[in-house]
Amino acid sequence: MSAAERFARLPTAAKLLLILTAVLLPIGIGLAYVGQEGIREANSALEGRSQDQAQVAARSIESLIARNALALRIAANGGLEGGASRACDRARNALAIAPAVSQAFELESPDGNPICQTVSLGDTSSLPVTAPGAITVQISPAGNAIALRTGVINGMATAVIPLQELRAAISDAGFDIPLLVIRDRDDELTLIDPGEGVDDLAVSDWPIAGTDLKVRVGMAEQRITTADRLLLLLPLLMWVAAALIAWLLVSRLLIRPLKRLQRSVQGYDPAQGPLQLPRKVGPSTEIQDLRDAFGRAFSRAEESEREVTTALEGQKRLVREVHHRVKNNLQVVASLLNIHGRSAATTEARAAYASISRRVGALSIVHRNHFAEMEESRGIALRPLLTELAAELRASAPEAARGLMIELDLDSVYTTQDAAVAVAFLVTEIVEFAMLNCPQDPIEVSLRRSSELTGRLTLNSRVLVPEGDSNETPEKVQFERIVGGLAKQLRSNLDRKLGRYSVDLPVFPA
C-alpha cells in the first residue's frame with residue numbers, strides 16, 4: 001500500500017494535524033534548534049560555574065597550605081640558626097606575628113629526630129626526611145589534619161593544619177560545597193561529607209601542593225529548571241499549541257457531529273422502527289443539510305424495501321407451492337408404481353416396478369427434505385434423510401429380504417440438494433444390490449465429518465466386492481458403473497474395498 005493510499009484512509013482530524021505539522025515543521029525545527037542551543041549554553045554556563053567554584057575551593061586550601069609552609073620555613077630557619085637551645089621559642093615568636101598560620105609545629109634534626117615541639121603532634125616518624133628547601137605535604141598519621149614538613153638549614157620543621165582551619169578556608173570562599181575530600185597516596189581526609197539524601201553531584205579532582213595531594217570537590221549539579229526550559233521553548237510550545245487547537249476545533253465542530261450521524265446510520269435497524277437521526281449536529285449548516293438528506297434517502301429506501309419484501313414473500317409462497325406440488329406428484333408416481341407392481345403378471349416385472357419405485361421414493365425423500373430446508377436455510381440434513389431412506393428401503397424390500405438389517409451410524413451434517421440426490425441414489429443402489437444378492441447379511445451405513453468441508457459416506461456389506469473378477473455378471477457390471485457415476489456426481493472417486501465402499505461428499509461447515 002502506497003503512502004498516498006495510507007494517507008487517504010486516515011480520519012480527517014488526523015489528516016489536518018499531519019498537514020499542519022508538515023507546513024509548520026520547518027519553523028518548529030528552527031525553534032526547537034534555537035531552544036535546544038539555548039538550553040545547552042545555559043547548562044554549559046552552569047557547569048562552568050560549578051567548576052570555577054570547585055577550583056576556588058581547591059585553591060583556597062592550597063593557599064592555606066602554602067602560607068603555612070612559607071611561614072614555617074622562615075620561622076624554622078630563624079629558630080635553628082641560633083642553635084637547638086630555645087629554637088622552638090624563637091620559631092614561635094616568629095610565627096606569632098604571621099596571620100592565619102598554624103602555631104602547632106615541631107623542629108627536627110636533619111635525620112628526623114625531634115628537637116622540640118609546641119604541642120604534641122603525635123608520631124611523625126612516618127613522614128619522609130625532607131632536604132633543605134623542599135616541602136612534603138600529606139595527611140597526618142592521626143588522619144585528622146594536613147601535615148607539612150619543610151627542610152631548612154640544620155634540620156626540618158613539621159606542622160599540622162587542623163580540620164577547623166581547613167574548613168574555615170573553604171567557608172571563606174563564600175559558596176556552598178556539599179563534598180570535599182583531600183587525598184594523598186595512601187589516605188584521605190574528609191572535610192565535608194554530603195551525608196544522606198544528596199544526589200547528582202558533579203565531582204572533580206584538583207591537584208594541590210605540586211602532586212602530593214588531590215582535592216576532590218563535589219558540587220551540586222546546576223541545571224536550568226523546568227520553568228526556564230518552558231521559557232526557552234515557548235515558541236516551540238506555541239507552534240504545538242496552534243496545531244492542537246486547530247485539530248480540536250475541527251474534531252469538535254466537524255468530526256464529532258459526523259461521528260454521531262454515522263453511529264445513528266450504522267445502528268439503524270428496520271425492525272425497531274424508522275431511522276432516528278440526532279437533532280444536534282453542531283453549528284455547521286452543511287452537516288444539518290446532510291442529516292436531512294440522509295433522512296429523505298432512508299425514507300425512500302424503507303418504502304422500496306417494503307415493496308421488495310412484499311414481492312419476496314409472494315415469491316416464497318409460489319416456490320413453496322411448486323415444491324409442495326412436485327413432492328405430491330412424486331408420491332403419486334410412487335403409489336402408482338406400487339399399485340402396478342402388485343398387479344404385475346411376472347416376478348421380473350414386479351421386481352422392476354419395485355426397483356423404479358425405490359428410486360422414485362428416494363427422490364421424493366430428498367425433495368421433501370429440501371422443502372423442509374427452505375424454512376431453515378441451512379442445507380439438507382443428511383442424518384434424517386438417510387434415516388427415512390433406510391426405513392423406506394426396508395419397507396419396500398422383497399419378501400426374501402424382509403428381515404434385512406440396515407444399521408446407521410450418522411453424524412449431523414448438511415449438504416446441497418445436488419449432493420443429497422446423489423447420496424440418496426448411491427445408498428439406494430447399494431442397499432438394493434445387497435438385498436437382492438445377499439438378503440440375510442446386515443448393511444452398515446456410516447457418515448462421518450472428515451474435515452470442515454467434507455464428509456465420508458461408508459457402506460459395509462459382504463456382497464460388496466471390487467470389480468475385476470472374471471466371473472462378474474452383467475448385473476454386477478451395471479451396478480459398478482452406476483455407483484461409480486453417482487460418486488463422480490459428488491466430485492469424488494468411489495473407494496472400493498472388500499466388503500466396504502466409501503465416498504467423500506461436500507458438506508457445509510459446522
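The values are calculated or read from the model by the stated rules, or taken from the named source; none is laboratory data. All values derive from a computational prediction rather than experimental measurement. Neighbour counts run over all protein chains shown; Cβ positions are idealised from the backbone, glycine included. For accessibility, only protein heavy atoms count, side chains too; no ligands or nucleic acids. Shrake-Rupley method; radii C 1.70, N 1.55, O 1.52, S 1.80 Å.
Here Q103, Q138 are screened, and the one residue that is modelled with pLDDT of 85 or more and of a type in the set (S, T, N, Q) is Q138.
Within the stretch 245-263, residues that are of a type in the set (G, A, S) sit with their Cβ atoms under 7 Å from residues that are in a helix (DSSP H, G or I) and open to solvent by less than 80 Å² (accessible area, probe 1.4 Å), at 6+ positions apart or across chains, in these pairs: A246/L16; A246/L20; S251/A13.
Close Cβ contacts (under 6 Å, 6 or more residues apart or on different chains) running from residues in the stretch 435-456 that are under 18 Å from A487 (Cβ atoms) to residues that are part of a loop (DSSP other than H, G, I, E, B) comprise I443/S461; L447/D411; R448/D411; G455/V413; G455/V507; R456/S450. Going through (1) open to solvent by less than 10 Å² (accessible area, probe 1.4 Å); (2) closer than 22 Å to S357 by Cβ one by one, L408 falls short only on (1). Condition check: on the phi < 0 side of the Ramachandran plot and in contact with a helix residue (DSSP H, G or I) (Cβ under 8 Å, 6 or more places away or on another chain). Does V137 satisfy that? Considered against the rule, which asks whether it is on the phi < 0 side of the Ramachandran plot and in contact with a helix residue (DSSP H, G or I) (Cβ under 8 Å, 6 or more places away or on another chain), V137 comes out as yes.
For the structure I just gave you, tell me whether D418 is surrounded by fewer than 17 Cβ atoms within 10 Å (Cβ to Cβ), closer than 30 Å to P509 by Cβ and in contact with a Leu (Cβ under 6 Å, 6 or more places away or on another chain).
Numbers: surrounded by fewer than 17 Cβ atoms within 10 Å (Cβ to Cβ): yes; closer than 30 Å to P509 by Cβ: yes; in contact with a Leu (Cβ under 6 Å, 6 or more places away or on another chain): no.
No.
In the condition set (1) of a type in the set (A, V, I, L, M, F, W, C); (2) assigned to a loop (DSSP other than H, G, I, E, B); (3) touching a residue at least 40 places away in the same chain (Cβ under 8 Å); (4) open to solvent by 20 Å² or more (accessible area, probe 1.4 Å), V160 is compliant with all but (2). Of everything listed in (1) surrounded by fewer than 21 Cβ atoms within 10 Å (Cβ to Cβ); (2) modelled with pLDDT of 80 or more, the single unmet condition for G174 is (2). Here is a check on your reading of the model: is G151 more than 21 Å from I182 (Cβ to Cβ) and modelled with pLDDT under 85? No: the conditions fail for G151.
Restricting attention to the stretch 342-392 and to residues that are part of a loop (DSSP other than H, G, I, E, B) and at pLDDT below 75, the residue that is most open to solvent (accessible area, probe 1.4 Å) turns out to be R378. Here L498 meets the list (1) over 60 Å from the mean Cα position of the chain (by Cα); (2) open to solvent by 20 Å² or more (accessible area, probe 1.4 Å); (3) of a type in the set (A, V, I, L, M, F, W, C) almost entirely, failing just condition (1). Selection of the stretch 44-83 for residues being open to solvent by 60 Å² or more (accessible area, probe 1.4 Å), more than 60 Å from the chain's Cα centre (by Cα), without any contact (Cβ under 8 Å) to a residue 60 or more places away in the chain and more than 22 Å from P207 (Cα to Cα) yields only I74.
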